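This report refers to the structure that appears directly beneath it.
The values are calculated or read from the model by the stated rules, or taken from the named source; none is laboratory data. Computed from a predicted model, the values in this text were never measured in an experiment. Backbone-built Cβ (ideal geometry, glycine too); neighbour counts: all protein chains shown.
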Amino acid sequence: MNALSLPSQIETGRASLVRITEVFLSLQGESTRSGVLTTFVRLTGCPLRCQYCDTSYAFSGGSLVSVDSVLNQVAGFGARTVCVTGGEPLAQRSVLELLVKLCDSGYSVSLETSGALDASQVDPRVSRILDMKTPGSGEGHRNFMPNFEGLRPHDEVKFVICDREDYDWSVSQVRQLELDRRCAVLFSPSQQQLEAVTLADWIVADRLPVRFQLQMHKVLWGNAAGR
């Protein structure tokens, strides 16, 4: 199986299976849920290749398991907050069923997605954390703009900023689409490409109505993506 392909069972939705890289308990390091005890479900596979990606180990491999097996693993950790991430979770159609069942089980559920794939079919109870890919990511042409037109108040939009050009582009998107009036907007510096204090100073100087964020898990545990 190459890095961009998925088993036919998943692609056609004929079986309630998902390919999982890992399920683990940690503190949420990003989004408005930063610091919250969270069970993470990391799905395998991603059609994008952002130049700053820190989870390339999830591009391939993983284990093909049933949705119900994932639910049992999540229940074993005991946290009430669940984050489904990747990779790119929406590359697997069965993730939609997984999200529904997590919500039905009473969890507070978020979905971290690139913003490049249609997120309109995601259960409305889920908080969709959508990346808007900047030019510096190398995947800016992949943004699926209807996602950002259909934002709900409990969704969030994240920009990973690589340099001043990225920042100016992101500011223009926030203003043109009035993103801050629709949901939380998050600006993060790309690690080792932009100093955090530089981005913070730009936001303050422009009185920008966004939330500055660092990847807290990296502050605590270094470059380990999950913990």
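The table that follows gives values for the structure above.
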{"quantity": "Of the criteria (1) surrounded by 16 or more Cβ atoms within 10 Å (Cβ to Cβ); (2) modelled with pLDDT under 95; (3) among the polar types (S, T, N, Q), which one T44 fails", "calculated": "(2)"}
{"quantity": "Any pair with Cβ under 9 angstrom, 6 or more apart, that starts in the range 89-101 at a residue that is closer than 11 Å to L117 by Cα and ends at one that is part of a helix (DSSP H, G or I) and at pLDDT 95 or above", "calculated": "P89/V95; P89/L98; P89/L99; L90/L96; Q92/L98"}
{"quantity": "Subset of the range 27-64 [more than 14 Å from V84 (Cβ to Cβ) and not in a loop (DSSP other than H, G, I, E, B)]", "calculated": "L27, L37, S56, Y57, S63, L64"}
{"quantity": "Those residues of the range 192-215 which are surrounded by 12 or more Cβ atoms within 10 Å (Cβ to Cβ) and over 25 Å from R182 (Cα atoms), in sequence order", "calculated": "Q193, L194, A196, T198"}
{"quantity": "Residues of the range 80-95 satisfying the condition of being in a loop (DSSP other than H, G, I, E, B) and crowded, with 19+ Cβ neighbours inside 10 Å", "calculated": "G86, G87, E88, Q92, S94"}
{"quantity": "Test: E112 is of a type in the set (D, E) and in a helix (DSSP H, G or I)", "calculated": "no"}
{"quantity": "Filtered residue count, the range 174-199, keeping only those that are within 19 Å of the chain's Cα centre (by Cα) and among the polar types (S, T, N, Q)", "calculated": "3"}
{"quantity": "Which numbered condition A75 misses (of (1) over 16 Å from the mean Cα position of the chain (by Cα); (2) under 25 Å from L177 (Cβ atoms); (3) free of Cβ contacts under 8 Å to residues at least 40 places away in the same chain)", "calculated": "(2)"}
{"quantity": "Number of the condition not met by N2 [criteria: (1) modelled with pLDDT under 95; (2) crowded, with 22+ Cβ neighbours inside 10 Å]", "calculated": "(2)"}
